[in-house]
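Peer 1: Dropping the structure in here first, questions after.
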2 protein chains.
Amino acid sequence: MTVEAQSPLIRKLSTFVALSEAELAVLARLHRRRRTFVAGRDMVHQGQSGQLAYILSSGWVCSYKIQPDGTRQIVDFQVPGDFLGLRSVLLRTSDHSFEPIVDIEAAEVLTDDLLEAFAQTPRLATAILWAASRDEAMVVEHLVGIGRRDADARMAHFLLELGSRLALVGIGSKEGFDCPLTQYHLADTLGLSAVHVNRVLRQLRESGLVTFRDGHVTFHDYGGLVELAEFDSAYLDQSGPLLK
Amino acid sequence: MTVEAQSPLIRKLSTFVALSEAELAVLARLHRRRRTFVAGRDMVHQGQSGQLAYILSSGWVCSYKIQPDGTRQIVDFQVPGDFLGLRSVLLRTSDHSFEPIVDIEAAEVLTDDLLEAFAQTPRLATAILWAASRDEAMVVEHLVGIGRRDADARMAHFLLELGSRLALVGIGSKEGFDCPLTQYHLADTLGLSAVHVNRVLRQLRESGLVTFRDGHVTFHDYGGLVELAEFDSAYLDQSGPLLK
DNA sequence: CGCATCCTTGATACTTTTCAAGCAATGTGG
DNA sequence: CCACATTGCTTGAAAAGTATCAAGGATGCG
């Protein structure tokens, strides 16, 4: 089993940066403390100040905020290869919750180990921070989507983005991907009601664009979907952290 | 003229951290390259890779994304004391545009000067990064607002947040603040049509909560507005960067 | 079996947008 | 100084998009 197969993070970073043996070793060391969490129970709860970060190796997590009136807004998803809680570690500002959507496996990263790794391998630090800034760009794009796209385009855009992210770590393609999200997750993500999510999905399916059923997303007409969503993957495809 | 009065950034940071003479000196040095920009002409345009950051000393700026269909979504505002383009410098990922809303004054910060300042005064670096993470928290809160609040609450929340930010740098209070934004800016920020913004403002005014007129926001019933918006300033009031 | 979760559909009501029009203030060139 | 364009604000009426309420079906699981 190659190290890439073990760690989606390594696979993701390798797409953009040729990592040296030493860097790979440091990365591997960050993966030592393996933990699991069960679906549905929050790993971190809003307001809690747990200064731990994780590297997600399998499963899906979402980060969200609950409002006083009980509605919730999902801000972002973490899929294999993504960091989780990185900002809270560096800057202690986690004011949202993390919920595993399925049972997950993650590597726990201690602040000190992370800082040490950064000090030892600056190129790696740059690569990881680059990935973090990519996550931020996704939050911004999410904001734009909710603010300025109608329900169909929002859904289409979301599925396309998810597909791109998963493709990076080898668990998705332009054909489709497995997806454990419920329609309620989609509703809380896209700022829609669950009922309307259902209708939107039906319409996309009947238009022959994409099917989401039984935990699997199938793109029938990738180009058509891109057009509907006005999906421009520039914010995802950045050329990487321009390492010197 | 005290240095605090010269630089809203210093004023802002001083609220949370007692800065030493040395740190103040470093900060002052970052303010040396003063520049001005005229209202309405983009400082940075989407896709452009200008690796400059600025510290805004007077005036307002907004950062936004334009979509292929011509609609725009304002992601965030910068008011005096805010950094602008910090992320683009550190991580070169500016995929949005910056537009001065009025004529502005800003200090241009060179990447190298910034990194040097960080190296010299780690506490200052922490403070600045803390401010940056606060900005991120605002983007997240903005996302939640657009996704899960109705138009009235969205507007109320936005005005309250803006008031808090301005109060930090001494140009706003619970009574109100001067505000150069047009109803079109508000619409592009809140994901509403300009027409509806007008109606919402009217309703808030007629409810005796807040008036926005002739470039000035006046809070008539601060508590009532907080209640309507379910405004919880926790994400703004964090105790600062916990300096050791 | 019975309960819980998730998906699906229809009918209705509400929020927000779009279209259209008018007003006030400001600035500009003739 | 005036005609004119421009920008920002305001309002009404109609249309569209989305939420809410209600109900039923499917599946999995203790």
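The values are calculated or read from the model by the stated rules, or taken from the named source; none is laboratory data. Computed from a predicted model, the values in this text were never measured in an experiment. We place every Cβ from the backbone using ideal geometry, glycine too, and count neighbours over all the protein chains shown. Remember, those area values only see protein heavy atoms, side chains included, never the ligands or the DNA or RNA. Shrake-Rupley method; radii C 1.70, N 1.55, O 1.52, S 1.80 Å.
Peer 1: Would you kindly find the accessible area of B:D221, with a 1.4 Å probe and non-protein molecules such as ligands, DNA and RNA excluded, rounding to the nearest 10 Å²?
Peer 2: That residue has around 60 Å² of solvent-accessible surface.
Peer 1: Work out the FRET efficiency for B:Q67 and B:A167 from their Cβ-Cβ distance, taking R0 = 41 Å, and round it to the nearest 0.05.
Peer 2: The computed FRET efficiency comes out at 0.80.
Peer 1: Continuing with the same structure: Lys and Arg at +1, Asp and Glu at -1: add these up for the other residues within a Cβ distance under 11 Å of A:S58 and post the number. Don't skip to the end; give the middle numbers.
Peer 2: Details: positive: A:R34; negative: A:D103, A:E105.
Surrounding charge for A:S58 is -1.
Peer 1: Here's a follow-up. For segment B:140-235, state the average projected area of the convex hull of the C-alpha atoms over all orientations, rounded to one decimal in nm².
Peer 2: Numbers: hull surface 22.3 nm².
Reported value for the Cα convex hull: 5.6 nm².
Peer 1: For B:T36, place a label point 7 Å out from Cα along the Cα→Cβ vector, do the same in each other copy, and report the separations in nm, one decimal, smallest first.
Peer 2: Reported distances to equivalent positions: 6.6 nm.
Peer 1: How do A:L168, B:L159, B:L228 stack up against each other in accessible area, from largest to smallest, with a 1.4 angstrom probe?
Peer 2: Numbers: A:L168 30, B:L159 0, B:L228 65 Å².
Heavy-atom accessible area, descending, gives B:L228, A:L168, B:L159.
Peer 1: Which net charge results for the neighbourhood of A:L192, defined as the other residues with beta-carbon distances under 15 angstrom from its beta-carbon, given Lys and Arg at +1 and Asp and Glu at -1?
Peer 2: Details: positive: A:R72, A:R148, A:R149, A:R154, A:R199, A:R202, B:R148, B:R149; negative: A:D150, A:D152, A:D188, B:D150.
Overall, the nearby charge balance is +4.
Peer 1: Now a separate question. Could you work out the Rg to Rh ratio of segment A:80-224, with Rh taken as the Kirkwood radius (inverse of the mean 1/r over all Cα pairs)?
Peer 2: Values: Rg = 17.3 Å, Rh = 17.1 Å.
We get a ratio of 1.01 for segment A:80-224.
Peer 1: Determine how large the accessible area of B:D103 is when every protein chain is in place; take a 1.4 Å probe and give Å² rounded to the nearest 10.
Peer 2: 100
Peer 1: Which value, in nm² and rounded to one decimal, describes the direction-averaged projected area of the C-alpha convex hull of the protein assembly as shown? Display every interim value, and only then the final one.
Peer 2: Values: hull surface 90.5 nm².
So the Cα hull casts an average projection of 22.6 nm².
Peer 1: Can you tell me the Rg and the Dmax, both Å, for the Cα atoms in segment A:3-135?
Peer 2: Over segment A:3-135's Cα set, Rg and Dmax evaluate to 14.7, 51 Å.
Peer 1: Sketch the reach of a paramagnetic label on A:D150 as a point 7 Å from Cα along Cα-to-Cβ, and name the residues of segment A:216-230 whose backbone nitrogen lies under 19 Å away.
Peer 2: A:224-230
Peer 1: Let me have the 222 nm mean residue ellipticity of chain A computed from DSSP H runs of 4+ only, each contributing -39500 (n - 2.57), with the sum over all residues rounded to the nearest 500.
Peer 2: On the way: 10 runs with 113 residues, N = 244.
Result for chain A, helices only: -14000 deg cm²/dmol.
Peer 1: Right, something else. Give me D for chain B in µm² s⁻¹, whole number, from Stokes-Einstein with Rh from the Kirkwood sum over alpha-carbon pairs, 25 °C and 0.890 mPa s. Kindly include the intermediate steps, with their values, before the conclusion.
Peer 2: On the way: Rh = 18.7 Å.
After rounding, the answer is 132 µm²/s.
Peer 1: What does the charge add up to near B:G81, with Lys and Arg as +1, Asp and Glu as -1, over the other residues with Cβ less than 10 Å from its Cβ? It would help to have the intermediate numbers written out before the result.
Peer 2: Numbers: positive: B:R11, B:K12, B:R165; negative: B:D82.
Every neighbour counted, the sum reads +2.
Peer 1: 7 Å along Cα→Cβ for the label point: how many nanometres lie between A:D112 and each equivalent label in the other copies, listed shortest first?
Peer 2: 3.6
Peer 1: To the nearest 10 square angstrom, how much accessible area does A:E108 have with a 1.4 angstrom probe?
Peer 2: 20
Peer 1: While we're looking at this one, here's another question. Measuring label to label, 7 Å along Cα→Cβ, what does A:I66 give against each other copy in nm, shortest first?
Peer 2: 4.3
Peer 1: Helices from chain B with mean Kyte-Doolittle at least 0.5 and a Cα length along the axis of 24 Å or more, per DSSP H: which? Write down the numbers at each step before the final one.
Peer 2: Numbers: long enough: B:122-148 (38 Å, 0.44); B:151-168 (26 Å, 0.58).
Long hydrophobic helices here: B:151-168.
Peer 1: Also: What percent does the relative contact order of chain B come to when contacts are Cα pairs within less than 8 Å and at least six residues apart?
Peer 2: On the way: 402 pairs, mean separation 49.9, N = 244.
That works out to 20 percent.
Peer 1: Averaged across A:132-142, how many Cβ atoms of other chains sit within 10 Å of each residue's Cβ atom?
Peer 2: Details: counts 2, 7, 2, 0, 6, 6, 0, 6, 12, 5, 5.
Partner Cβ neighbours, averaged per residue: 5.
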